[in-house]
Amino acid sequence: MTFHSPAYLFLLLLLIPVIGWYIYQFKHWDPTVQLSSTAAFSRRPRAWRTYLIHVPFALRVLAIILLSLALARPQLSNRWSSQSTEGIDIMMALDISGTMQAEDLRPTRLDAAKAVAEEFVLARPNDQIGLVVFAGESFTQCPLTTDHAVLVNLFRSVQFGMIEDGTAIGLGLANAVNRMKDSPTKSKVIILLTDGSNNRGDIDPLTAAQIAQTFGIRVYAIGVGSYGEAKIKVDTPYGKQYMTISNEFDETTLRKIAAQTGGEYFRATDNKSLKAIYEQIDQLEKSKIRVKEFSKRTENFPPFLYAALLCLLLDIIIRYFVTRTIAN
């Protein structure tokens, strides 16, 4: 049972002062008569009507409760629904090479990529999502999982220097494909994020893209970096110093990877555009949900209203035709 207008239930608070006033008045009802002895009255049997003295007030209290419930409009709901959900497998391939420390995205490219990816993961509870990281080599940080809390914690632990520096895009993409190729899920996606050109690894990026296409895996490639130049902190004998790097990278290969697998290529030049890219991918790769729902509500306030009227009627009958003689 639910209530259409539950605010009317606050009327029940009126019972607190009503009951308090009744108790206060009742203490002053009994008249005082000075007698030498009340022994004769103690042996006198009490009339049955004296036991009904508080019944009218109890009926009025009950009527207030029932009227409040009726005003709140209780409703009975007959409802059933069926839902079937088909999640998507998403493998995220994240570049953690040295240039991902550039500060054209705040605070760095890598930190910005991690923060936006975490929001993306938490917004897709029905999907299996995993994480592959790559630089000069590649390894699986988290296999496909629906335990997104664990995945987010593993995302946060990713940092530069975990593996040898370099940019092995083909190796990272191939590793991601290998992690999801045997999954029975129909829809499979890789989000490849990098800011460089392939310069390490034994697997060419376009070869890895052909493998992904063979297994029906779409690749969304994201190139990270503003146009022009960016500053990056590097270790020197004199401590950390800023160095200027060029933001040119192999966009042509990333476009070919995306086109060959049926995905898309995006360029993220700042935090805002990176977030917009993930939002666009989120819209492109919605989980398929079929919902069939039926709901029927019936008003259930008449019984409460009729019961309240009955209580008021009994209150009048008892006060004016049964217990009235007590005051005479």
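The values are calculated or read from the model by the stated rules, or taken from the named source; none is laboratory data. None of these values were measured; they are calculated from a predicted model. Cβ placement follows ideal geometry from the backbone for every residue including glycine, while neighbour counts extend to all protein chains displayed. Surface areas here come from the heavy atoms of the whole protein model, side chains and all, with no ligands, DNA or RNA. Shrake-Rupley method; radii C 1.70, N 1.55, O 1.52, S 1.80 Å.
Could you check, for the range 185-194, whether at least one of its residues is within 36 Å of the chain's Cα centre (by Cα), buried (at least 17 other Cβ atoms within 10 Å of the Cβ) and without any contact (Cβ under 8 Å) to a residue 60 or more places away in the chain?
The answer is no, given that none of the residues of the range 185-194 is within 36 Å of the chain's Cα centre (by Cα), buried (at least 17 other Cβ atoms within 10 Å of the Cβ) and without any contact (Cβ under 8 Å) to a residue 60 or more places away in the chain.
For the range 220-230, enumerate the residues that are out of contact with any Ser or Thr (no Cβ under 6 Å at 6 or more places or on another chain), of a type outside the set (Val, Ile, Thr) and assigned to a strand (DSSP E or B). Break it down into steps so the answer makes sense when it comes.
Step one: of the range 220-230, the residues out of contact with any Ser or Thr (no Cβ under 6 Å at 6 or more places or on another chain) are 220-225, 227-228, 230.
The next check asks that each one be of a type outside the set (Val, Ile, Thr); those that pass are 220-221, 223, 225, 227-228, 230.
Result: Tyr220, Ala221, Gly223, Ala230.
Using the structure shown, decide if Lys288 is modelled with pLDDT of 95 or more, exposed (fewer than 13 other Cβ atoms within 10 Å of the Cβ) and either under 30 Å from Asn247 (Cα atoms) or in contact with an Asp or Glu (Cβ under 7 Å, 6 or more places away or on another chain) (or both).
Details: modelled with pLDDT of 95 or more: no; exposed (fewer than 13 other Cβ atoms within 10 Å of the Cβ): yes; either under 30 Å from Asn247 (Cα atoms) or in contact with an Asp or Glu (Cβ under 7 Å, 6 or more places away or on another chain) (or both): yes.
No.
Listed residues Ile232, Ile217; which is at pLDDT below 90 and either among the aliphatic types (A, V, I, L, M) or surrounded by 17 or more Cβ atoms within 10 Å (Cβ to Cβ) (or both)? Give the steps one after another, and end with the answer.
Working: Ile217 fails: at pLDDT below 90.
Just a single option satisfies the conditions, and that option is Ile232.
Could you list, in sequence order, the residues of the range 271-280 that are surrounded by 15 or more Cβ atoms within 10 Å (Cβ to Cβ) and not polar (S, T, N, Q)?
Result: Leu274, Lys275, Ile277, Tyr278.
Need a quick list: strands (runs of 3 or more DSSP E) entirely within the range 79-159 having at least 1 residues that are touching a residue at least 40 places away in the same chain (Cβ under 8 Å), touching a strand residue (DSSP E or B) at 6+ places or on another chain (Cβ under 6 Å) and open to solvent by 60 Å² or more (accessible area, probe 1.4 Å).
Details: elements: 89-95, 128-134, 138-145.
Correct list: 128-134.
Does the range 244-254 include one or more residues that are out of contact with any Ser or Thr (no Cβ under 9 Å at 6 or more places or on another chain), farther than 26 Å from Ile190 by Cβ and modelled with pLDDT of 85 or more?
Within the range 244-254, one or more residues are out of contact with any Ser or Thr (no Cβ under 9 Å at 6 or more places or on another chain), farther than 26 Å from Ile190 by Cβ and modelled with pLDDT of 85 or more.
Given the criteria over 21 Å from Lys186 (Cβ atoms), modelled with pLDDT of 95 or more and part of a strand (DSSP E or B), does Phe266 qualify? Break it down into steps so the answer makes sense when it comes.
Working: over 21 Å from Lys186 (Cβ atoms): yes; modelled with pLDDT of 95 or more: yes; part of a strand (DSSP E or B): yes.
Against the criterion (over 21 Å from Lys186 (Cβ atoms), modelled with pLDDT of 95 or more and part of a strand (DSSP E or B)), Phe266 qualifies.
Out of curiosity, is Thr261 under 18 Å from Leu192 (Cα atoms), of a type in the set (Val, Ile, Thr), surrounded by 14 or more Cβ atoms within 10 Å (Cβ to Cβ) and modelled with pLDDT of 85 or more? Break it down into steps so the answer makes sense when it comes.
On the way: under 18 Å from Leu192 (Cα atoms): yes; of a type in the set (Val, Ile, Thr): yes; surrounded by 14 or more Cβ atoms within 10 Å (Cβ to Cβ): yes; modelled with pLDDT of 85 or more: yes.
Judged against the criteria, Thr261 is a match.
Restricting attention to the range 235-258, which residues are open to solvent by 40 Å² or more (accessible area, probe 1.4 Å), without any contact (Cβ under 8 Å) to a residue 12 or more places away in the chain and in a strand (DSSP E or B)?
Filtering the range 235-258 down to residues open to solvent by 40 Å² or more (accessible area, probe 1.4 Å) leaves 235-238, 240-244, 246, 248, 250-252, 255-256.
Keeping just the survivors that are without any contact (Cβ under 8 Å) to a residue 12 or more places away in the chain gives 235-238, 240-242, 248, 252.
Asp235, Thr236, Lys240, Gln241, Tyr242 - these are the residues of the range 235-258 that are open to solvent by 40 Å² or more (accessible area, probe 1.4 Å), without any contact (Cβ under 8 Å) to a residue 12 or more places away in the chain and in a strand (DSSP E or B).
Here is a list: Asn328, Asn300. Which entry is modelled with pLDDT under 90 and open to solvent by 90 Å² or more (accessible area, probe 1.4 Å)? Walk me through it before giving the result.
On the way: Asn300 fails: open to solvent by 90 Å² or more (accessible area, probe 1.4 Å).
Just one listed residue meets the conditions, Asn328.
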